[in-house]
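Sharing a structure below in structure tokens format, with a few things to ask.
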Amino acid sequence: MNDVLERLRLLRAGDAPTHGGRVLSYVYDSGLDELDELADAAARLARPLNGLDPTVFPSIAAMERDVIGFARRMLHGGASVTGTVTSGGTESCLLAVKTARDLWRRSHAEPGAVVRPRLVAPATAHAAFIKAAQLFDLDFDAVPCSADGVVAAADVISRMGDDVALVVVSAPNYPTGALDPITEVAAAASARGISCHVDSCFGGFVLPWWPVPAAWDFRVPGVTSISADLHKFGYAPKGVSVLLQRGRRRHRAQFFATTAWAGYPVVNPTLLGSRSASPLAAAWAITQHLGVDGYRALTESIHRVAQEIREAVERIPGLRVIGDPTGPAIALGADPGVPDSQRVDPHHLADAMVRYGWKIQHQPGLTQSDGVRIAHSAHLTLTPVLERRVTEFVDALAAASGDVRGRAPSDPRALLAALRVLGYGEGGRVPGPSAAWRLLRLAGAGSVSAEQPMATLMALIERLPRPVAEALLTELLARMSEP
Ligand SMILES: Cc1ncc(COP(=O)(O)O)c(C=O)c1O
């Protein structure tokens, strides 16, 4: 048995560090050791349960009541707001879309007519909504944003029509950290009878204590649902989020219930059937332990980190914070106001930061339907633990910027030309598994690791026809786990 665990320890040694703040995406370290211990103990207590049936395991319903109640208070939902604990942000978003689509179908059912409803969202909305639209058969209508990832309320509102089942706004969005114009959009949606979801998967457990310029939660009339992830700034281990719905009718529309088979009645508010209660138990324990004051203190720490990093970036020539983020996400981009020779390319910067022991996240640029481009950037998720070494971080940022200043962004022109010749250009073929694997190796991306420079691969992804880029990335991920 020890031998098995030793092998797992060895495997884990190859992972990026989950604690200490050196990885500025994916992980959310509060810096409080006791939270990990508490979460482990709670998860272990709940391990044998099956979240499928709270009538058999009423502790599950009790913990859910507490977690949903806590989130509802933080997000200013009144007694009419109820909700569900889900397995994560993507599941919360999927369920918000499914619910809105089902309600839309009920009120727009025309016998014989087949109309695909639309989901309207700024281009900065999380990809989970693209996934939801694909899974639940809606057209995803991306509203173009400014180059800084800011969407104009009027642009979202002008897309609203009878075929729109749901409008999504973010608080804040992940790519640039901007807070969408929630009040204006929700009011317009409400006037037209359209559901309006606020995705605060990222910010839901931070913004309640952050100086936010405008209301963004259930205080805003017209907001019909909100998602908030406990496994992000709720500081719970992965596998837990909440979806709150305004009104029982809406919440009940989220459920799947059937008696039309030979076994036990199946009644699920979530996508899974049998599910672990451990993430719920861990989140329950952490929310009980931290309470409002605990979250406030952790948020204040993140706020100080954000201020310090923003001030430091202002002092680094050629680098800038994109837009004016609200909350714990910051995107760094090259400063277009200085000559090329002075610019800091964010993807070369992200590669260089690895040499200083820090991992910031490459985000490819996005050319939107109106031609406006949101430039490629480096994303930082700021966590409380970073406060301990923020000086070290900003020093590394300055030093790594110095290393790459003036270096032109990666240009995969030769590779792109080769791919075009092979028939994978615009309007061309989409590679199958074997061809995609050959192309990846041709691009030098047959394997990726936390240390490997990513600037070239990202530049390629940005410029390839989308179906080709998606096929390559699918292949890359699929090969990693192939036995
Ligand atoms: C705004 C936003 N929505 C949704 C998600 C999806 O969450 P998850 O990765 O937990 O599925 C994320 C993840 O970063 C996010 O930032």
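Contour minus end-to-end for Ala109 and Asp33, with contour as 0.36 nm per residue of separation and end-to-end as the Cα-Cα distance?
Here the answer is 22.0 nm.
Starting from the 7 Å offset along Cα-to-Cβ, what nm value, one decimal, do you get for the label separation of Ala191 and Arg65?
The two pseudo-label positions are separated by 4.1 nm.
For the chain, what does -39500 (n - 2.57) per DSSP helix run (n ≥ 4), summed and divided by total residues, give at 222 nm, in deg cm²/dmol to the nearest 500?
After summing the helix terms and dividing by residue count, I get -13000 deg cm²/dmol.
Of all accessible surface on the chain at a 1.4 Å probe, what whole percent is carbon and sulfur?
Heavy-atom surface of the chain belonging to carbon and sulfur, 1.4 Å probe: 55 percent.
Among Ala417, Gly77, Leu49, pick out the residue whose Cα is farthest towards the positive end of the charge dipole of the chain, where Lys and Arg carry +1 and Asp and Glu carry -1 on C-beta, about the Cα centre.
My answer, from the dipole projection, is Leu49.
Which of the three applies to region 413-481, rounded, prolate or oblate, going by the alpha-carbon gyration tensor with a ≥ b ≥ c and a/c under 1.5 meaning rounded?
Oblate is the answer for region 413-481, as a/c is 1.5 or above yet b/c matches or exceeds a/b.
Given DSSP loops and a limit of at most 15 other Cβ atoms within 10 Å, what is the longest stretch of the chain that contains no such GluC sites (Glu not before Pro)?
Within the chain, the longest run free of exposed GluC sites (Glu not before Pro) spans 1-425.
Between Rg and the Kirkwood Rh of region 34-287, both from Cα atoms, what is the Rg to Rh ratio?
Computed over Cα atoms, the ratio is 0.97.
Can you run phi through the Karplus equation (6.51, -1.76, 1.60; θ = phi - 60°) for region 20-34 and list ³J(HN,Hα) in whole Hz, with x for Gly and Pro?
Along region 20-34, the couplings run x, x, 7, 10, 9, 6, 6, 10, 10, 8, 6, x, 9, 4, 5 Hz.
By the scheme Lys and Arg +1, Asp and Glu -1, what is the net charge of all other residues having a beta-carbon under 11 Å from that of Gly365?
+1
Treating the beta-carbon of each Lys and Arg as +1 and of each Asp and Glu as -1, no other charges, what is the dipole magnitude of region 120-213 about its Cα centre, to the nearest 20 debye?
I would put it at about 200 debye.
Shifting gears a bit: For the chain, with only Lys/Arg (+1) and Asp/Glu (-1) charged at the beta-carbon, what is the dipole magnitude about the Cα centre, in debye rounded to 20?
It works out to roughly 920 debye.
Please give the net charge around Val354, taking every other residue with its beta carbon less than 14 angstrom from that of Val354, where Lys and Arg add +1 and Asp and Glu add -1.
0
Per-residue accessible area for Met480 at 1.4 Å probe radius, Å² rounded to 10?
130
What is the magnitude of the charge dipole of region 413-481 about its Cα centre, with +1 placed on the Cβ of each Lys and Arg, -1 on the Cβ of each Asp and Glu, and no other charges, expressed in debye to the nearest 20?
Taking the Cα centre of region 413-481 as origin, the dipole is about 220 debye.
Taking the Cβ of Glu462 as the centre, find all other residues whose Cβ is under 12 Å away and add up their charges (Lys, Arg: +1; Asp, Glu: -1).
Around Glu462, the charge tally is +2.
Oh, and also: Bin by bin, in steps of 5 Å, what percent of the Cα pairs in region 347-414 do you find, going until the bin that has the longest distance?
3, 14, 21, 23, 16, 11, 7, 4, 1
Quick check: the distance between the Cα centres of region 438-483 and region 354-423, to the nearest angstrom?
16
In square angstrom, what is the accessible area per residue of the chain with a 1.4 angstrom probe?
With the other protein chains kept in place, the chain gives 46 Å² per residue.
Of Trp261, Val390, Gln134, which is farthest on the positive side of the dipole of the chain, counting Cα position, with +1 on Lys and Arg Cβ, -1 on Asp and Glu Cβ, and the Cα centre as origin?
So the residue we want is Trp261.
A follow-up question, please. Over the C-alpha atoms of the chain, what are the Rg and the largest Cα-to-Cα span, Dmax, in Å?
23.0, 71
Provide the gained length on full extension for the span Asp163 to Ser449, in nm with one decimal, where the gain is 0.36 nm per separating residue minus the Cα-Cα distance.
98.6 nm
I've got another one for you. Each residue of region 84-91 in order: what ³J(HN,Hα) in whole Hz does its phi give by Karplus 6.51 cos²θ - 1.76 cosθ + 1.60, θ = phi - 60°, with x for Gly and Pro?
With coefficients 6.51, -1.76 and 1.60, one gets 9, 8, 10, 8, x, x, 4, 5 Hz.
Now for a separate question. With a 1.4 Å probe and all protein chains kept in place, how much accessible area does Arg252 have, in Å² rounded to the nearest 10?
Its heavy atoms expose roughly 120 Å² to the probe.
Dividing the convex hull volume of the alpha carbon atoms of region 1-97 by its residue count, what do you get in Å³ per residue?
180
Under a 1.4 angstrom probe, counting protein chains only, how are His19, His376 ranked by accessible area, largest first?
His19, His376
I would also like to ask the following. Using a ≥ b ≥ c from the Cα gyration tensor of region 291-404 (square roots of the eigenvalues), is it rounded, prolate or oblate, where a/c under 1.5 gives rounded and otherwise the larger of a/b and b/c decides, a/b for prolate?
Here region 291-404 falls in the oblate category.
The values are calculated or read from the model by the stated rules, or taken from the named source; none is laboratory data. Predicted model, so just to flag it, every value in this text is computed and none were measured. For neighbour counting, all protein chains shown are included, and Cβ atoms are generated from backbone atoms with ideal geometry for every residue, glycine included. Please note that ligands, DNA and RNA were not included when accessible areas were found on the heavy atoms of the full protein model with its side chains. Shrake-Rupley method; radii C 1.70, N 1.55, O 1.52, S 1.80 Å.
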